[in-house]
Amino acid sequence: MKLSKLQFDILMNIEANKNKEYSLKEILKDVNYSLESIVETISELLKLNYIDKKSKITELGLKALEPYRVKRAIFLAAGFGSRMVPITLSTPKPLVFVHGKRIIETLLDAVVDAGIEEIYIVRGYLGEQFDVLLQKYPNIKFIENKAYNEANNISSALLVKDLLQNAYVLESDLVLSNPKIIRKYEYSSNFLGFYVEKSDDWCMEVSDGIITSEKQGGCKCYQMIGISYYDKADGQNLAKDIEEVFNMPGGKEKYWEQVQLDVKKANYKIVLRECSPKDIIEIDTFNELKAIDESYCEEKRRSL
């Protein structure tokens, strides 16, 4: 039996609450629906025996959630990070430390905490340096992108095209401050973003919760955050579409998400998953790194 979106949201939040007693007040805070809808859905879940009278999830409830379980996380980490020079001359951008922790580790820790056991990292530039991660995350599997300097990140996506079903895809230069962004279960394919009045960055247009287009710069749109999820059907479609777009004229120069949000968007209904700008920080330049972590400031180094 397929869960409704509200049934899923309530069950997912109960499960994430580690099966402690979960009050109606807490559910209202975590689930963005009307009180009437929530009360009605809780009644449905009780009748289905998916939760008990203390709002704890049952074995049947866990079984109902299982088709929505995230199977793997794929990290795109092959690029050079030219705007982070000079620090990336000797260190891949995802391995740069911010406040004493590697950028990619803020994401990896959230993936592990969510119980996602399959982890793939597509590496390229100074790829051997990523081996250090195996000490803490021994189940990582590396995929080598030897063409990272000849094509955009669609070349990395091409290498993992058959792994995209029920999978997160994460850019590896994001400092994650809210680990709850990464979840054990996802209802449907989605892309993270937050609302902006104006932005010069990559943005998404949204209609009725569905992403309708992607563009660079815009007003009253959603700024794109490089974390997305693909269900089984969309993962299968992406395997074909990524290869087709890559082999088109100019295809190697495209960003990988342009496949599903632009060139082949008619094949997908990707949901916007809204987050807060405080949840994730994307560090694009060395100046931004210094602004976030003052240990990189020349002035401070000279004073030590």
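Listing for the model above:
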| quantity | calculated |
| --- | --- |
| Region 5-67: C-alpha gyration tensor shape, a/c 1.5 cut-off, then a/b vs b/c | rounded |
| Calculated FRET value between residue 188 and residue 219, using beta carbons and R₀ = 35 Å, to 0.05 | 0.80 |
| Relative contact order computed over region 1-65 (Cα-Cα under 8 Å; 6+ residues apart), in percent | 42 |
| DSSP beta bridge pairing in the chain, given as percent antiparallel to the nearest 5 | 60 |
| Separation of alpha-carbon centers, region 178-198 and region 81-159, rounded to whole Å | 21 |
| Part-to-part distance (alpha-carbon centres) for region 239-263 and region 1-60, which is given in Å | 39 |
| Residue-wise HN-Hα coupling along region 76-87, computed from phi with Karplus coefficients 6.51, -1.76, 1.60 (Hz; x: Gly, Pro) | 8, 9, 8, x, 7, x, 4, 6, 9, 4, x, 5 |
| Cα-based shape type of region 154-304, given that a ≥ b ≥ c are square roots of the gyration tensor eigenvalues and the cut on a/c is 1.5 | prolate |
| Low-density loop positions, GluC sites (Glu not before Pro), region 99-203 - DSSP coil, at most 15 other Cβ in 10 Å | 117, 150 |
| Length-normalised contact order for the chain - Cα pairs under 8 Å, 6+ apart - percent | 18 |
| Under 5 Å, built H, 5+ apart or other chain: amide partners of residue 206 | 212 |
| Segments 198-208, 257-267 sorted - mean Cβ within 10 Å per residue, highest first | 257-267, 198-208 |
| Computed magnitude of the charge dipole of the chain (debye, nearest 20; Cβ of K, R +1, Cβ of D, E -1) | 540 |
| Nearest-ten-degree value, helix 5-16 long axis tilted from longest Cα axis of the chain | 70 |
| Cysteines in the chain lacking a second Cys C-beta under 4.7 Å | 219, 275, 297 |
| Residue of 173, 241, 52 that the Gaussian network model of the chain assigns the largest fluctuation, springs spanning Cα pairs under 10 Å | 52 |
| Mean projection area, nm², convex hull over Cα of the chain | 17.6 |
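Laboratory data are not the source of any read-out in this text; all were calculated from the coordinates shown. Note that the coordinates shown come from a computational prediction; the quantities given were computed from them, not determined experimentally. All Cβ positions, glycine included, derive from the backbone under ideal geometry; neighbour counts span all protein chains shown.
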